[in-house]
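Working notes for the structure below.
The values are calculated or read from the model by the stated rules, or taken from the named source; none is laboratory data. All values derive from a computational prediction rather than experimental measurement. Here the Cβ is made from the backbone with ideal geometry for all residues, glycine too, and neighbour counts use every protein chain on show.
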Amino acid sequence: MKNRIDLLKKLTLMSGISGNESKIAKFMETELTDYKSINKDNMGSVIFEYEGSSDKPKIMFEAHMDEIGFIVADILESGFLKIQPIGGWDPNTLLSSPVLVVNSKQQEFPGIIGSVPVHFAENKGVKPEINNMFVDIGATSQKDARQNFKVQLGDHIVPITNFHYSVKNNLMFSKAFDDRAGVAAVIEIGKILSTKEHPNTVYCIGSVQEEVGTRGAKTLANYIDADVCFVLEGAPADDIPGIPYNAQTKVGKGVHVRIYDPTMIVNPGLKNFVIEIAENNEINIQLTVRKGGGTDGRQFQLANRGIPTIVLGIPVRYAHSHNCIVSIDDFAELIKLLEKIVEKLDKNKLAEILS
């Protein structure tokens, strides 16, 4: 378990917003071995192929490498930086948050998302808006920001956070579990594939730019002629006060298995296969119907002749914020499920799923 906790710590503390995922891709390359081939598309997605005893079915395990963040949208005369969000942020989580500004030379400078102190606030209770926010890196002027800090328009801004592991209930606290938890699962299943026989060909994939419209998945869907796809996600948990319906994705209760969201309806045969695997191996899963949101799965399901696709993941409390909570137990259940899928998904089972 310690190795998996360390893996998730390294991945979540790395920075890699949409369009700047190269650090995560390089990390995957250092972690994965004994694959048949490694390829990249022109957007930066990385594909590791693991050869089994049969070339069919071709199974895709995919997770997006990017996280949400910001870029510098303007440098004011005062030296403060205006920001453009990359991905979906709730403005209520941002004021006074610490960030790192990463310039084009990969130099990092700490900053704070500025807010007006209560002493000067005239409109108390007004909902904050990102358009009105700024980052303060301590620059004294626009010239100082540009010449001293070497800040340019488009430079990346990422959250600063700390990783904590709580032994009380095996919980981890950090940023970017959406979707570094999925990337960690891709790495773990790749390590398993390098040590065991499997009746298929498997692609372990890190995609790019999911948070800004599943862009990397679109090019991947045209690049790989897969027979079935498992999208591995950090899925927003709904087990908190204020949710107006029964929770379906609870931290510590097992693998999130999404059977519907507005962008994708899961193939019934594939759903039943996953449920059967879980029941036969006493793996905890949580069937989920989502009324909002979407994943890379939308692109794969519509690619080629249609790739049967399902989203599997671990619940993430407070997804799309600086600080999130997940369970290492849920992660372990996910890896058990993926390992059994690889063992059981052969040509005959695929034919049964598609029939």
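Quick one: which residue in ALA237, ALA221 is surrounded by 19 or more Cβ atoms within 10 Å (Cβ to Cβ) and modelled with pLDDT of 95 or more?
ALA237
Among ILE314, ILE285, ILE275, ILE325, which is the only one that is crowded, with 19+ Cβ neighbours inside 10 Å and farther than 23 Å from SER18 by Cα?
ILE285
Can you tell me which residue among LYS191, LYS253, LYS218 is outside any helix (DSSP H, G or I) and basic (Lys, Arg)?
That would be LYS253, the only listed residue that is outside any helix (DSSP H, G or I) and basic (Lys, Arg).
Give the residue that is nearest to ASP178 (Cα to Cα), with candidates limited to residues of region 28-73 that are among the aromatic types (Phe, Trp, Tyr) and touching a Leu at 6+ places or on another chain (Cβ under 7 Å).
Ranking the candidates gives PHE61 first.
Please indicate, with yes or no, whether at least one residue in region 234-253 is within 23 Å of ASN39 (Cα to Cα) and either outside the structural domain of VAL289 (by TED's automatic domain parsing) or touching a helix residue (DSSP H, G or I) at 6+ places or on another chain (Cβ under 9 Å) (or both).
The answer is no; no qualifying residue exists.
Tell me yes or no: at least one residue of region 25-39 is out of contact with any Phe, Trp or Tyr (no Cβ under 8 Å at 6 or more places or on another chain), at pLDDT 95 or above, closer than 23 Å to PHE300 by Cα and not in a strand (DSSP E or B).
Yes; the residues of region 25-39 include at least one that is out of contact with any Phe, Trp or Tyr (no Cβ under 8 Å at 6 or more places or on another chain), at pLDDT 95 or above, closer than 23 Å to PHE300 by Cα and not in a strand (DSSP E or B).
Residues that are closer than 20 Å to ALA184 by Cα, modelled with pLDDT under 95 and acidic (Asp, Glu): which helices (runs of 4 or more DSSP H) entirely in region 286-355 hold 1 or more of them?
Filter on region 286-355 gives an empty set.
In region 50-61, is there at least one residue being in a strand (DSSP E or B), touching a helix residue (DSSP H, G or I) at 6+ places or on another chain (Cβ under 8 Å), in the same structural domain as ALA181 (by TED's automatic domain parsing) and among the hydroxyl-bearing types (Ser, Thr, Tyr)?
Yes, some residue in region 50-61 is in a strand (DSSP E or B), touching a helix residue (DSSP H, G or I) at 6+ places or on another chain (Cβ under 8 Å), in the same structural domain as ALA181 (by TED's automatic domain parsing) and among the hydroxyl-bearing types (Ser, Thr, Tyr).
Working only within region 31-45, note down all residues that are over 18 Å from VAL208 (Cβ atoms) and of a type outside the set (D, E, K, R).
Matches in region 31-45: THR33, TYR35, SER37.
Search region 295-311 for residues being among the small types (Gly, Ala, Ser) and at negative phi, and hand back the single one that is surrounded by the most Cβ atoms within 10 Å (Cβ to Cβ).
Ranking the qualifying residues of region 295-311, first place goes to GLY297.
Just the residues that are hydroxyl-bearing (Ser, Thr, Tyr) and within 13 Å of the chain's Cα centre (by Cα), please, taken from region 9-49.
Within region 9-49, THR12, SER15, SER18 meet the criteria.
For region 109-132, state whether one or more residues are within 30 Å of HIS256 (Cα to Cα), part of a strand (DSSP E or B), of a type in the set (Phe, Trp, Tyr) and not assigned by TED's automatic domain parsing to the domain that holds ASN42.
No, every residue in region 109-132 fails to be within 30 Å of HIS256 (Cα to Cα), part of a strand (DSSP E or B), of a type in the set (Phe, Trp, Tyr) and not assigned by TED's automatic domain parsing to the domain that holds ASN42.
Quick one: how many residues across region 319-355 are free of Cβ contacts under 8 Å to residues at least 60 places away in the same chain and within 23 Å of PHE177 (Cβ to Cβ)?
Total satisfying the criteria: 1.
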